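Report on one structure; see the data block that follows.
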Amino acid sequence: MSEIPDAFEPPLSAPDEVAEAKWNRRWNRFYKIAAIWLLGWVGFIVYKIVSLDHLKNGLDWIIKGVISASLLLVITVPLAWLGSRIGKRERWRRYRLLLTFALPALFLLMAVGGALKGRYFPQERFKRLTGVEFPRDARVERCVFDDGFGPLFDWYFLCELTCPAGETDRVIRELKLVEIPPYREPDADEGPPGGGSTGPSRWVNGESEKILIRMEADAARTKLRISCFSNRRPYVCGVSG
């Protein structure tokens, strides 16, 4: 019994048709890889918007997205190949093209979902970075993070929250933070420097740690701003806002 010809491939009955079929298959592969690359680029941009709650320096992120989407091909192309192989089965053949792109898209959606979870439930990420439990009974007001981009870039994690003062003291103690003397602006009416207003209370961990942790608190020690930076290089990226 002769095999049923693949509906996606033209009959190979003559040399010119064979050459044309090979050419078409190559272009089809190119178009599919290009579409998968574009899917990865869009997924990277969406991931960063979700993670950072903004996308300042858009051109910089667009360029990083180009590189990131190219690196993601190592994962997304095998996933697309797997979906295509599944689609070659008789019962799934009509969905073959859809399955080719469905698995890479699912992988990217899982990354975006992880970013959403990290923003609204930062407890796990905080403990993984610092080794300390997140403040109990805390109300998170803002949380942004950047996972960096390979070994040449730093990452950071920032969280603004409200919690009981006792939890603030516990975090300071367990992270072994050292208080930084508040900055005092000179007051012309009082004469020499030393008077004037002071800023929020600030703490920082030791410079020898693998990560640099900074924390600010109001006078009641209930409103906190915690920043965790990678400490691989002297330069650490800043967080605006």
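For this structure, a couple of remarks:
- Flag if Gly58 is modelled with pLDDT under 85, outside the structural domain of Cys159 (by TED's automatic domain parsing) and farther than 16 Å from Asp147 by Cα: yes
Residues are listed down the side, and each one gets a yes or a no for (1) in the same structural domain as Arg142 (by TED's automatic domain parsing); (2) crowded, with 19+ Cβ neighbours inside 10 Å; (3) touching a strand residue (DSSP E or B) at 6+ places or on another chain (Cβ under 6 Å):
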| residue | (1), (2), (3) |
| --- | --- |
| Lys32 | no, no, no |
| Ser51 | no, yes, yes |
| Ile63 | no, no, no |
| Ser70 | no, no, no |
| Val77 | no, no, no |
| Arg85 | no, no, no |
| Leu98 | no, no, no |
| Thr130 | yes, yes, no |
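- Of all residues in region 158-179 being within 30 Å of Tyr120 (Cβ to Cβ) and either in a loop (DSSP other than H, G, I, E, B) or modelled with pLDDT under 90 (or both), the one that is farthest from the chain's Cα centre (by Cα): Pro164
- Residue that is farther than 18 Å from Cys159 by Cα, within 13 Å of the chain's Cα centre (by Cα) and not small (Gly, Ala, Ser), where the choices are Val74, Val46: Val46
The values are calculated or read from the model by the stated rules, or taken from the named source; none is laboratory data. These numbers come from a predicted model, not from an experiment. Cβ: placed from backbone, ideal geometry, glycine included. Neighbour counts: every protein chain shown.
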